[in-house]
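Below is one structure, written out as structure tokens, with a few remarks after it.
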Amino acid sequence: MRPLFLLVFCAAASAQARTTVAIDVGHFIEEPGATSARGRPELDFNRDLAAEIESAARSRGLKTLLIGYDGFMSRLTARTAAARNAGFFLAVHHDSVQPQFLETWEFDRVERPFSDRYSGFSLFVSRKNRSLARSLACASAMGEALRGAGFSPSLYHADPIPGENKPFADRRNGVHYYDNLIVLKTARTPAVLLEAGVIVNRDEELRVQSEGVRRRIAAAVADGLQWCL
Ligand SMILES: [Zn+2]
């Protein structure tokens, strides 16, 4: 191939790669993540929201690749390997709190842990990711869009207590550094992890499960991505 053609071909290929967003459904069936105040596994929340984000991103002209939706992807590095040709990696999760903040209540005649102490979204980037600047720009854009849609950052992950201590990368938009998070540091693309809401919080669990709220979260995330990519 002549150099000019090669150049045009490569530019077109990389422009296409830039616009593919890998949307990773956090957790898998055997280890489904946190459990909500009413006993629903985090994996189910992540699946619903990831599918909604995928449709919002597509309607904005972004290409998407949904990873882990079947619930069988148990190796974290397999997720980032699957996304190697994408232009961006977004891990979709829902949040819990440190165990000392959990209380118990009875729901459906079962005693279950909950905590109404915290609520809101948070976003994470790793300083070990090779594209930190782009990761952070996208996380900030998503946080700003979420705030614009009426959601608030949770902020508690920066608290100076064991298990937290995740310093702010952008406090206003709820973005923290979480350097050793496997999917963020092994991604070959810019990468962000979203905790969309705190599902051990009894009100927030219901909020993030409502179709309207889920749609608004997905739309804000897709707006942020469209802006930064
Ligand atoms: Zn999770």
> If the Cβ limit is 8 Å and pairs must be 6+ apart or interchain, which residue in the range 178-199 that is in contact (Cβ under 8 Å) with a residue 24 or more places away in the chain and closer than 21 Å to Ile217 by Cβ pairs with which residue that is in a helix (DSSP H, G or I) and within 12 Å of the ligand (Cβ to nearest atom)?
Replying inline: Val183/Leu76; Ala191/Val183; Leu193/Val183; Ala196/Phe45; Ala196/Leu49; Ile199/Glu42; Ile199/Phe45
>> Quick check on my filter: what residues within the range 182-223 are part of a helix (DSSP H, G or I) and basic (Lys, Arg)?
In response: Lys185, Arg202, Arg207, Arg214, Arg215, Arg216
>> Here is a list: Ala86, Ala78. Which entry is loosely packed, with under 15 Cβ neighbours inside 10 Å, out of contact with any Cys (no Cβ under 7 Å at 6 or more places or on another chain) and under 20 Å from Ala191 (Cα atoms)?
In response: Ala78
> Within the range 17-52, can you find the residues that are without any contact (Cβ under 8 Å) to a residue 60 or more places away in the chain, assigned to a loop (DSSP other than H, G, I, E, B) and within 11 Å of the ligand (Cβ to nearest atom)?
Replying inline: Pro32
> Which of the following residues is touching a helix residue (DSSP H, G or I) at 6+ places or on another chain (Cβ under 6 Å) and β-branched (Val, Ile, Thr): Val110, Val97, Val125?
Replying inline: Val125
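Quick grid of which residues meet (1) more than 16 Å from the ligand (Cβ to nearest atom); (2) in contact (Cβ under 8 Å) with a residue 12 or more places away in the chain; (3) out of contact with any Ser or Thr (no Cβ under 6 Å at 6 or more places or on another chain); (4) of a type in the set (Phe, Trp, Tyr):
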{"site": "Thr64", "(1), (2), (3), (4)": "yes, yes, yes, no"}
{"site": "Ile67", "(1), (2), (3), (4)": "no, yes, yes, no"}
{"site": "Gly71", "(1), (2), (3), (4)": "no, yes, yes, no"}
{"site": "Ala82", "(1), (2), (3), (4)": "yes, yes, yes, no"}
{"site": "Gly87", "(1), (2), (3), (4)": "yes, yes, no, no"}
{"site": "Leu90", "(1), (2), (3), (4)": "no, yes, yes, no"}
{"site": "Asp95", "(1), (2), (3), (4)": "no, yes, yes, no"}
{"site": "Phe101", "(1), (2), (3), (4)": "yes, yes, no, yes"}
{"site": "Thr104", "(1), (2), (3), (4)": "yes, no, yes, no"}
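No lab work stands behind these numbers, since they all come straight from the coordinates. These numbers were taken from a predicted model, which means no experiment stands behind them. Every residue, glycine as well, gets a Cβ built from its backbone with ideal geometry; the counts of neighbours run over all protein chains shown.
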